[in-house]
């Protein structure tokens with residue numbers, strides 16, 4: 001499947017160095033993967049023994065995402081990018097949420113790289129055109145496990161129906177579950193292209209190891 005992913009002029013003005021990558025793959029999801037969780041636990045140990053909480057927002061990719069929020073009109077301390085929120089959770093001594101293999105896999109890549117990554121059930125996306133814009137006042141959006149989310153001033157991907165993902169939360173409508181057979185993972189490079197290819201390849205490698213996938217294909221966009 002090829003998606004036409006475009007970046008709106010308002011995002012280009014707010015973050016001119018933005019670059020994106022998308023991984024599309026056929027997958028088999030499971031409730032739990034022991035090998036994946038060994039990797040998650042190893043990262044948790046590494047993070048909590050080498051980092052202090054005050055440094056999380058200084059990680060280059062997270063810092064760039066926070067800056068993009070400010071330029072788009074959102075306070076990143078009130079609506080944290082997901083990668084930052086996940087790292088802060090671990091630093092508070094709380095375990096990572098265990099959801100299912102696909103969600104856990106995306107969370108691990110987000111934790112490792114600092115990218116806020118949208119993970120979507122591709123078969124739930126309406127159409128093949130996605131546009132990255134900025135959320136509007138009162139725009140309907142149901143965040144996964146969060147209820148109605150105020151996405152005004154947040155970067156948001158929209159399909160034919162409406163918003164499907166922001167760096168803070170994805171939408172219930174297109175979330176992955178145990179029935180997911182095709183995944184679209186979008187990596188948001190508000191820091192530019194540095195590290196983008198490595199993050200996309202990391203997703204591919206983990207899909208091959210834990211989601212019965214050939215890793216799928218990578219599509220870059222700007």
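Test residue 153 against the criterion of being in contact with a helix residue (DSSP H, G or I) (Cβ under 7 Å, 6 or more places away or on another chain), on the phi > 0 side of the Ramachandran plot, modelled with pLDDT of 95 or more and not in a strand (DSSP E or B), and give yes or no.
yes
Counting only residues that are touching a helix residue (DSSP H, G or I) at 6+ places or on another chain (Cβ under 9 Å), over 20 Å from residue 182 (Cβ atoms) and assigned to a loop (DSSP other than H, G, I, E, B), how many does the stretch 121-140 have?
Within the stretch 121-140, residues that are touching a helix residue (DSSP H, G or I) at 6+ places or on another chain (Cβ under 9 Å), over 20 Å from residue 182 (Cβ atoms) and assigned to a loop (DSSP other than H, G, I, E, B) number 1.
Yes/no matrix, rows are residues, columns are (1) surrounded by fewer than 24 Cβ atoms within 10 Å (Cβ to Cβ); (2) more than 17 Å from residue 74 (Cα to Cα); (3) touching a strand residue (DSSP E or B) at 6+ places or on another chain (Cβ under 8 Å); (4) at pLDDT below 95:
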residue	(1), (2), (3), (4)
123	yes, yes, yes, no
129	yes, yes, yes, no
144	yes, yes, yes, no
177	yes, yes, yes, no
187	no, yes, yes, no
194	yes, yes, no, no
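What number goes with the only condition from (1) without any contact (Cβ under 8 Å) to a residue 60 or more places away in the chain; (2) assigned to a loop (DSSP other than H, G, I, E, B); (3) within 24 Å of residue 39 (Cβ to Cβ) that residue 205 does not pass?
Against the list (1) without any contact (Cβ under 8 Å) to a residue 60 or more places away in the chain; (2) assigned to a loop (DSSP other than H, G, I, E, B); (3) within 24 Å of residue 39 (Cβ to Cβ), residue 205 comes up short only on (2).
Which helices (runs of 4 or more DSSP H) sit wholly inside the stretch 46-117 and have at least 1 residues that are out of contact with any helix residue (DSSP H, G or I) (no Cβ under 9 Å at 6 or more places or on another chain) and either surrounded by fewer than 17 Cβ atoms within 10 Å (Cβ to Cβ) or at pLDDT below 95 (or both)?
Because the criterion is at least 1 residues that are out of contact with any helix residue (DSSP H, G or I) (no Cβ under 9 Å at 6 or more places or on another chain) and either surrounded by fewer than 17 Cβ atoms within 10 Å (Cβ to Cβ) or at pLDDT below 95 (or both), the helices (runs of 4 or more DSSP H) in the stretch 46-117 that meet it are 60-72, 82-91.
Got at least one residue in the stretch 211-222 being touching a residue at least 40 places away in the same chain (Cβ under 8 Å) and in a helix (DSSP H, G or I)?
no
Condition first: in a helix (DSSP H, G or I), crowded, with 20+ Cβ neighbours inside 10 Å, under 19 Å from the mean Cα position of the chain (by Cα) and modelled with pLDDT of 95 or more. Can you find one or more residues in the stretch 18-27 that meet it? Please lay out each step first, then the result.
Step one: list which residues in the stretch 18-27 are in a helix (DSSP H, G or I), which gives none.
No, that holds for no residue.
The values are calculated or read from the model by the stated rules, or taken from the named source; none is laboratory data. All values reported here derive from a predicted model rather than from experimental measurement. Counting neighbours? That spans all protein chains shown, and the Cβs are built from the backbone with ideal geometry, glycine included.
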